[in-house]
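Some notes on the structure that comes next.
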Amino acid sequence: MKRIFSGMQPTNRLTLGNYLGALKNWVKMQDEADTQCIYCVVDLHAITVSQDTAGIKTATREVAAAYIAAGVDPKKSIIFAQSAVTAHSQLGWILGCMTPLGWLNRMTQFKDKAGKDKEKASLGLYGYPALMAADILLYQTTHVPVGDDQKQHVELTRDIATSFNIHIAKKDFFTIPEPVIMGDATRVMSLRDGTAKMSKSAESDMSRINLTDDADLIVQKIKKAKTDAGVVPSNEGEYEGRPEAKNLITIYAALADTSKEKVMGEYGGQQFSAFKNALSDLCVDKLSPMTTRMRELMADVGEIDRILADSADKAAAIAEPVMSDVMDVMGFWKRP
């Protein structure tokens, strides 16, 4: 069986970029034959940067609600909070003890998130790739859907798994996962800077469309999205060196399930004001039902908690036997 594992942090609100770059593809994957999908809310990773715990439970529920509103079906896929399955932390520690510092030093995301004052960064932020490896390996995952910026972590996971298999288990113990790089819409860029990825943590809220934004706010953000003085490009050659133009065309094509060529064929040569009106209508049409569904789910916390608890049981049923085997391989004492 093909087993998919992926997750998002419950930090800030999920954006259009999260939907087009991941959630939309997760929904397609759950309907593939002989495939089991495990989609995690990685709350343990969320505390590597901030320990503001006041809203983490609500944020976890909101991310789970976004998964479901986007079309991830709890009857087909497992949707759970990472911290609810303690084997994640347990295996993360074991793998962390076996991961050379040299491997971690190559991880570019630590440098990006730690910033200039890395001496104040937490041990968790530095070592979280080992926890990410545990997340994946714990389920004997075969495929991990990621964007280009996360491919490096899957490659590290493969290195850790191979090292464990050769030097510790001395057999094929962990499945070596394959990265699945998402399609063209993976790189949804900021509405304020076409060279920067749309980020849920960016300082300006106008740089992104949140999945919780109402129709009026979506229209306002797209209307104010940065463009240049030219008209809408008619072909790929015309949007080279015009990142904002390319970004809006990419967003339209991804939302409409069509090609950028067809979008440019329809709107090429027009003023951006007209194209933004069409893009606004499309965004509202596609995202409003999702936003409404999220609000319905968040109004029934008991149902969200039931889904998370039921899925955590399913996840634990897969993870705990693997963790038990790891304990045996490591030679640890286990409770009778």
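The values are calculated or read from the model by the stated rules, or taken from the named source; none is laboratory data. Not measured: the values here are computed from a predicted model. Positions of Cβ are generated from backbone atoms using ideal geometry, with glycine treated the same way; all protein chains shown enter the neighbour counts.
Contact map, the range 310-336: residues that are part of a helix (DSSP H, G or I) and among the polar types (S, T, N, Q) paired with residues that are at pLDDT 95 or above and buried (at least 17 other Cβ atoms within 10 Å of the Cβ), Cβ distance under 8 Å, separation 6+ or inter-chain. Pairs shown: Ser311/Pro74; Ser311/Ile78; Ser311/Ile79; Ser311/Phe80. Inspect all residues belonging to the range 197-208 and state whether any of them is in a helix (DSSP H, G or I) and over 27 Å from Asp148 (Cβ atoms). For the range 197-208, residues in a helix (DSSP H, G or I) and over 27 Å from Asp148 (Cβ atoms): absent. All conditions in (1) in contact with a helix residue (DSSP H, G or I) (Cβ under 8 Å, 6 or more places away or on another chain); (2) acidic (Asp, Glu); (3) under 25 Å from Asn25 (Cβ atoms); (4) in the same structural domain as Asp281 (by TED's automatic domain parsing) hold for Glu266, with the sole exception of (1). Return yes or no: is Ala202 without any contact (Cβ under 8 Å) to a residue 40 or more places away in the chain, under 19 Å from Val49 (Cβ atoms) and surrounded by fewer than 21 Cβ atoms within 10 Å (Cβ to Cβ)? Answer is yes for this residue.
The single residue among Arg3, Arg13 that is of a type outside the set (Gly, Ala, Ser), modelled with pLDDT of 95 or more and touching a strand residue (DSSP E or B) at 6+ places or on another chain (Cβ under 9 Å) turns out to be Arg3. Please indicate, with yes or no, whether at least one residue in the range 251-267 is acidic (Asp, Glu) and within 30 Å of Ala64 (Cβ to Cβ). Within the range 251-267 (the criterion being acidic (Asp, Glu) and within 30 Å of Ala64 (Cβ to Cβ)), the answer is yes, since at least one residue qualifies.
When you look at Thr48, is it hydroxyl-bearing (Ser, Thr, Tyr) and more than 15 Å from Ala133 (Cβ to Cβ), yes or no?
no
Residue selection: Ser324 satisfies the criterion of being of a type in the set (S, T, N, Q), more than 23 Å from the chain's Cα centre (by Cα), under 25 Å from Thr141 (Cα atoms) and surrounded by fewer than 18 Cβ atoms within 10 Å (Cβ to Cβ). Here Val301 meets each of (1) more than 30 Å from Ile168 (Cβ to Cβ); (2) at pLDDT 95 or above with one exception, condition (2).
Per-residue answers, yes or no, for (1) under 23 Å from Ser199 (Cβ atoms); (2) in contact (Cβ under 8 Å) with a residue 12 or more places away in the chain:
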residue	(1), (2)
Pro100	no, no
Met107	yes, yes
Phe110	yes, yes
Lys113	yes, yes
Ala121	yes, no
Ala130	no, yes
Ala134	no, yes
Asp148	yes, yes
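Say whether the condition of being of a type in the set (Phe, Trp, Tyr) and touching a Ser or Thr at 6+ places or on another chain (Cβ under 8 Å) is met by at least one residue in the range 38-47. Scanning the range 38-47, I find at least one residue that is of a type in the set (Phe, Trp, Tyr) and touching a Ser or Thr at 6+ places or on another chain (Cβ under 8 Å), so the answer is yes. Scanning the range 38-57 for residues that are over 14 Å from the mean Cα position of the chain (by Cα) and crowded, with 16+ Cβ neighbours inside 10 Å returns Leu44, Ile47, Thr48, Val49, Ile56.
Only residues that are charged (D, E, K, R) and either crowded, with 18+ Cβ neighbours inside 10 Å or part of a loop (DSSP other than H, G, I, E, B) (or both): list them for the range 287-309, please. First the steps, then the outcome.
Of the residues in the range 287-309, the ones charged (D, E, K, R) are 293, 295-296, 300, 303, 305-306.
Within the range 287-309, just Asp300 meets the criteria.
All of Gly92, Gly115, Gly124 fail the test of being buried (at least 21 other Cβ atoms within 10 Å of the Cβ), over 16 Å from Ile176 (Cα atoms) and over 17 Å from the mean Cα position of the chain (by Cα), apart from Gly92.
Residues that are closer than 20 Å to Asn18 by Cβ, surrounded by 19 or more Cβ atoms within 10 Å (Cβ to Cβ) and free of Cβ contacts under 8 Å to residues at least 24 places away in the same chain within the range 233-279 comprise just one, Ile249.
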